[in-house]
Amino acid sequence: SAADLGFSLQSCLVLDHFVGEARDSEVIMRDCRGGCGVMKSYFVPLTSVDFAVWEHIDAVEVQTGLSLLDKALSNAMKTVSNSPLANALNNNISNIHSLGQILHSLDLQSILFPQQARSTVLPDDSAPASTQTQEVSSLPELLQVHSSFLRWKVRLLLSAAPVCQRQNS
């Protein structure tokens, strides 16, 4: 329907706002002078993209990455007492949930890769389940990975969505 198309187009545009908020979090972290969290290791998704095969990026990989980032940011937030930083982390977590809903509503896995359509398998809390993860040891590193993941993998996946391509034509 026209309403669904409007929602989908907005979904494609909202990523820029989320990327901006992720970058703002990095700035807030750099300026943080107290209550900025403790050093801790977090498993996060890889952000590198092999452009020779980037069309093979799939929604499951991105959804799994978002889940890892959600878990890491939620754990990091428990160690933060600085209000601006805590608010920024809370916004990022909310944005990740919104992106998950957007990806689900666009049903990208079945549209882009109908032969590969499968249910999303999220990693457990233990060691990384695949070579698609890396370990970072600080909140600044975590925020940098979060921002890069949105700018690269999420943007590439959304740019492949048919409704997002219509928007650009």
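The values are calculated or read from the model by the stated rules, or taken from the named source; none is laboratory data. From a predicted model like this one, the values you see are computed outputs, not experimental measurements. Cβ: placed from backbone, ideal geometry, glycine included. Neighbour counts: every protein chain shown. These area figures cover heavy atoms from the full protein model, side chains too; ligands, DNA and RNA do not enter into them. Shrake-Rupley method; radii C 1.70, N 1.55, O 1.52, S 1.80 Å.
Carbon-plus-sulfur accessible fraction, region 10-94 (probe radius 1.4 Å, protein heavy atoms only): 53%.
In summary, the lysines within cross-link reach of LYS40, defined as a Cα separation below 19 angstrom excluding same-chain residues under 8 places away, comprise LYS71, LYS78.
The distance between label points at SER159 and VAL27 comes to 2.4 nm (points 7 Å beyond Cα on the Cα→Cβ vector).
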